[in-house]
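So the structure is just underneath, and the comments pick up after that.
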Amino acid sequence: MIEFWLKLWQLTRPYKGRFSLGVLCGVFSGMADTAVLLTVAIVAGAAFPGDAALPDKVPRWAVNIYRSAQHWIAPHSSSRLALISLVSLIPLVMLARGLVNYLSSYLMNWVGIRAICDLRARLFEHLLHQPLSFLARNSTGELMSRIGSDVGLLQVMLGVSLVTLIREPINVIAMGCIPLAISWRYTLIALVTLPLCVIPVAIYNRKVRKSAASIQSETAGLNRVMHESFTGVRIIKGYNLEKIAGERFRASQGKFVNHSMRVVRATESPGPIIEFAGAIGAAILILFMAGKVSLNEFLLFIFPLLSLYRPIKALVRLQSDLHRARAATTRVFELLATQSTLVDPPNPTPLQAAHGDIHFDNVSFAYEKEPGLREIPVLRGIQLRVQPGEKVALVGKSGSGKTTLANLLLRFYDPTQGAIRIAGVDLRQAAVADLRRQMAVVTQEIVLFDDTIRNNIAFGRPGATNAEIEDAARHAFAHDFIMEKPQGYDSIVGEKGTNLSGGQRQRIAIARALLRNAPILVLDEATSALDNQAERVVQASLDELMKGRTTICIAHRLSTIQNFDRIVVMDAGQIVEMGGHAELLAKGGIYEKLHSLGSTLDGTIP
Ligand SMILES: Nc1ncnc2c1ncn2[C@@H]1O[C@H](COP(=O)(O)OP(=O)(O)OP(=O)(O)O)[C@@H](O)[C@H]1O
Ligand SMILES: [Mg+2]
């Protein structure tokens, strides 16, 4: 629990000025109820002197205040001025109480909202820096749930619960002082029933802790199913899977009801129990006081006692909020604590990709396996040296490991064996950002953001001018179709680029790579979605782009890579053939087979 408070404290540290002020206001607001009660009692006592017989046991100081108020009024009572100024104390104290209540809530929320936004941004950035393997292990929906609802709970904690936590204990103590000052014996009698409330509260407390944690993970599960379903909605509709998806959603809600109801019970049941116990206490008290004190005495005694129940109830109810917030904090900070496996070295070596070769030195790789499963090597003993400015094509059957090899070069993963070097520098010795600055990539699955076409291209080089963007689009054979859109470059591409055709998306991605102007170019099936004519034009501009750059191009359609310096044929994670187009054809190996198959499929004789 201490750890939890320390973490909260750390979050609010940047705003400690306002936070302390908020706590201070909270302290005052805790005393405010008692102040109001005392003011009313004193003013009323002075205004109706005949009716107010003071109980014998009221302490000296209280009697003194009371008497001097009465003395002050007595000589002026005819003018009424004194009375007016005395009664105006009541609204004044009320106003002060409202002010500190408001300020404590306002300031704590001010700090809470900001602290939580900081935390959320920190978590988001932290997750973006995690390696692909981490993001593959954790579903998008779950991560979103952590950033959204888990962090949101903490905001409630800081803005609402913390106010209660500061205000109400002080309220209880201050209010409790009144009956204690009048008679500690009667107060004890009134409190004998208190243990009665504590037992059920303690029992529920233990149960609610587990349920609170479960609710958060169930919510994450729901988010996962929703995210998957909405992003895959075309398949769901196309294959009439609405019902099945609905059932999956229902199933994932499984224990949600049970856990939530447990939390509801834990939150709501202490209230009536406390009130019931309080009523028993009051009844016992009447029994003891009957005939010994006047009605006035009794009222002055019982009223503050009864006012104690509201803050006590709020404090007990707070327990379940605290548990939920604690569960959320644990999950959030767990995520923040995950170390990236791809960390930059303390003194990264700068990469000089422009004039350096790329060397895959005996590289083997396997994707992270599930625990208990066999590790399947995807790349085995890759030995490949790409000279600066060389154009190398990777070809091979589907699943032979081409994309994986490109992923290793981008350092989305590290090789399990061997090393990749650029200009003699092991990628692990360089800063990841430096490495990626040297590369322009067109990935096999095109990724566009739900933004304008212009911005999607500009992601290639933030800060590029409009002229540069349009120039890149022209070279990628995209300018014409962009201009045909009603809003031109300012058209929104839709989520994942759904407003564009597959070929158009690909051309935007090529324009983005063109704009990047990096020394190493990685093209993974960059033109696969284009028709023959468009492909030829884009290919021409890609040829232009490749001049003077080291290029690794993955292609299924072999017609596009015939003029490459070298063609590398992969099979089952190994390099099986390497050489120029004519050389490999003459060899009559896998390449020749792929080639003859491709030619008949394309219907063209190269
Ligand atoms: N994230 C991943 N986790 C586990 N295995 C993967 C992952 N990505 C790919 N694989 C496996 O690695 C192997 C090589 O995949 P890769 O994507 O490199 O093939 P490819 O040669 O690019 O194929 P294609 O021509 O179809 O794009 C495949 O057997 C694939 O199942
Ligand atoms: Mg691939």
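The values are calculated or read from the model by the stated rules, or taken from the named source; none is laboratory data. In this text, all values refer to a predicted model and were calculated from it rather than measured experimentally. As a convention, Cβ positions derive from the backbone with ideal geometry for all residues, glycine included, and neighbour counts pool all protein chains shown.
Computed quantities for the displayed model
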quantity	calculated
Filter pass, ARG507 being out of contact with any Cys (no Cβ under 8 Å at 6 or more places or on another chain) and without any contact (Cβ under 8 Å) to a residue 24 or more places away in the chain	no
Among residues of region 543-571, those that are farther than 14 Å from ALA518 by Cβ and touching a strand residue (DSSP E or B) at 6+ places or on another chain (Cβ under 7 Å), counted	13
Among the candidates GLY399, GLY372, residue that is free of Cβ contacts under 8 Å to residues at least 60 places away in the same chain and within 16 Å of ligand 2 (Cβ to nearest atom)	GLY399
Conditions (1) within 14 Å of ligand 1 (Cβ to nearest atom); (2) of a type in the set (Lys, Arg); (3) at positive phi: number failed by LYS402	(3)
Region 352-370, residues that are farther than 21 Å from GLN417 by Cα, surrounded by 14 or more Cβ atoms within 10 Å (Cβ to Cβ) and either in contact with a Lys or Arg (Cβ under 7 Å, 6 or more places away or on another chain) or at pLDDT below 85 (or both)	GLN352, ALA353, ALA354
Entirely in region 479-566, the helices (runs of 4 or more DSSP H) that have 2 or more residues that are within 16 Å of ligand 2 (Cβ to nearest atom)	502-516
Selection from region 410-448 of residues that are free of Cβ contacts under 8 Å to residues at least 24 places away in the same chain, charged (D, E, K, R) and more than 16 Å from ligand 2 (Cβ to nearest atom)	ASP426
Matching residues, region 516-533, being of a type outside the set (Val, Ile, Thr) and within 16 Å of ligand 1 (Cβ to nearest atom)	LEU523, ASP524, GLU525, ALA526, SER528, ALA529
Selected residue (criterion: modelled with the lowest pLDDT) from residues of region 3-43 that are of a type in the set (D, E, K, R) and under 19 Å from ILE116 (Cβ atoms)	GLU3
Sole exception among (1) within 18 Å of VAL441 (Cβ to Cβ); (2) within 16 Å of ligand 1 (Cβ to nearest atom); (3) without any contact (Cβ under 8 Å) to a residue 24 or more places away in the chain for GLU577, by number	(1)
Selection from region 161-185 of residues that are small (Gly, Ala, Ser), crowded, with 17+ Cβ neighbours inside 10 Å and in a helix (DSSP H, G or I)	SER161, ALA174, GLY176
Test: residue in region 334-348 that is surrounded by fewer than 21 Cβ atoms within 10 Å (Cβ to Cβ), within 16 Å of ligand 2 (Cβ to nearest atom), of a type in the set (S, T, N, Q) and in a loop (DSSP other than H, G, I, E, B)	no
Scope region 381-396; condition of a type in the set (Val, Ile, Thr) and within 13 Å of ligand 2 (Cβ to nearest atom); matching residues	VAL395
